[in-house]
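The values are calculated or read from the model by the stated rules, or taken from the named source; none is laboratory data. Remember, it's a predicted structure, so these values are computed and weren't measured experimentally. Because the Cβ atoms are built from the backbone with ideal geometry, glycine has one as well, and the counts that use them run over all protein chains shown. These accessible areas exclude ligands, DNA and RNA; they are computed on the full protein's heavy atoms, side chains included. Shrake-Rupley method; radii C 1.70, N 1.55, O 1.52, S 1.80 Å.
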Amino acid sequence: MPATALKGLLGPGQLHARVEDLKREKGPAPWSEKVVVNDQIVGTLICQPPGHPTDRHYHLTDEWWVVLEGEIDWEIEGADVVHARAGDLVYAPAMHYHHIRPTGDRPSIRLAITPPGEFHRHDRPAGSGPNGR
């Protein structure tokens with residue numbers, strides 16, 4: 001399905017939204033909301049409670065996030081653990097496994113930026129990872 005078939009919260013008919021309004025509408029974590037979806041980019045708000053990790057995965061393209069609330073640890077293949085909090089930016093290069101773990105004492109919210117059609121991949125072909133691993 002092309003990205004344009006999906007609908008994001010923002011677009012020509014809605015140019016503005018507030019995270020606080022989304023939090024009220026969505027309720028307690030966990031939840032996610034596609035904010036922008038077009039042929040070039042997908043921006044997804046992701047709210048997770050502490051201790052609610054993602055699966056270990058990788059993407060064929062780079063991925064990056066803006067942490068809006070809370071604290072999150074990123075384990076990114078080949079790097080030290082990144083301890084991020086509200087206001088931080090985090091980047092995972094293409095083909096690098098990463099694992100995201102919300103920490104702290106309250107839910108975290110991050111904005112994930114990816115190209116359309118990208119998804120979590122779990123089994124990387126031998127020799128296709130960082131440094132040919």
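Looking at (1) touching a residue at least 40 places away in the same chain (Cβ under 8 Å); (2) among the charged types (D, E, K, R); (3) farther than 21 Å from Ser32 by Cα, which is the one condition that is false for Asp80?
Here Asp80 meets the rest and fails (1).
Determine whether Pro115 is in contact with a Ser or Thr (Cβ under 7 Å, 6 or more places away or on another chain) and more than 21 Å from Lys23 (Cβ to Cβ).
yes
If you take the residues of the range 1-46 that are open to solvent by 30 Å² or more (accessible area, probe 1.4 Å) and of a type in the set (Ser, Thr, Tyr), which of them is modelled with the highest pLDDT?
Looking at residues that are open to solvent by 30 Å² or more (accessible area, probe 1.4 Å) and of a type in the set (Ser, Thr, Tyr), I get Ser32.
Per-residue answers, yes or no, for (1) surrounded by fewer than 16 Cβ atoms within 10 Å (Cβ to Cβ); (2) in contact (Cβ under 8 Å) with a residue 60 or more places away in the chain; (3) of a type outside the set (Asp, Glu); (4) not in a strand (DSSP E or B):
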position: Leu60; (1), (2), (3), (4): yes, yes, yes, yes
position: Trp65; (1), (2), (3), (4): no, no, yes, no
position: Arg110; (1), (2), (3), (4): no, yes, yes, no
position: Pro116; (1), (2), (3), (4): no, yes, yes, yes
position: Pro125; (1), (2), (3), (4): yes, no, yes, yes
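So, in the range 31-53, of the ones that are out of contact with any Ser or Thr (no Cβ under 7 Å at 6 or more places or on another chain), part of a loop (DSSP other than H, G, I, E, B) and in contact (Cβ under 8 Å) with a residue 60 or more places away in the chain, which residue ends up nearest to Ile113 (Cα to Cα)?
Ile41
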